[in-house]
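Worksheet for the structure shown next.
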Amino acid sequence: MTAVKADNTEEAVKLISKGADANSRTSPNGWSALHYAARNGNLEIVQALLTAGADPNFKGSLDGDANSTATLKPLPLAQGMLDVVGQIQPSEMEATLRQSGLDDPALLKSAKDPKAVSRYQKVVDALAKVTKGK
């Protein structure tokens, strides 16, 4: 989970290939590793997790409350990030995300990447293929 959250592709893929739990969660009802990989727009980690059996239909909330209005599956999370990176200029991305309380370093780095739109689109496409009840 730590490697996925930090967007450390090499370490995450290595750990997943060695049997790390592809359905690891931050709490019993919290985000899965797949949520963080989707949020970071990391197709390689998303694919490694899906290959290892990650559940693309798990609905979790960042605060771990299953009844939270902010529960999301990984696909809508990736779609939301695609919308964000498609609408906000990279030069304004960090300030906009920080104003929204989204100041995670891995997310900021990912969202500011000039290739972010393409990366997030690939993640959305990969998740859409395996997600039920989009």
Problem set entry | Net charge of Cβ neighbours under 15 Å - reference S100; Lys, Arg +1; Asp, Glu -1 | -2
Seminar exercise, completed: Given a Förster distance of 22 Å, the FRET efficiency implied by the Cβ-Cβ spacing of D83 and A6, rounded to the nearest 0.05, works out to 0.40
For this session: For the chain, please report how many Lys pairs fall under 14 Å Cα to Cα, leaving out neighbours fewer than 8 apart on the same chain.
Result: 7
Exercise. What ranking of R25, R98 emerges when the number of other C-beta atoms within 10 Å of each C-beta is taken as an exposure proxy, fewest first?
Worked result: R98, R25
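The numbers here are math on the coordinates, done by the rules we state, and not lab data. Quick caveat: nothing in here was measured; it's all calculated off a predicted structure. Note that each Cβ is placed from the backbone with ideal geometry, even for glycine, and that neighbours are counted across all protein chains shown.
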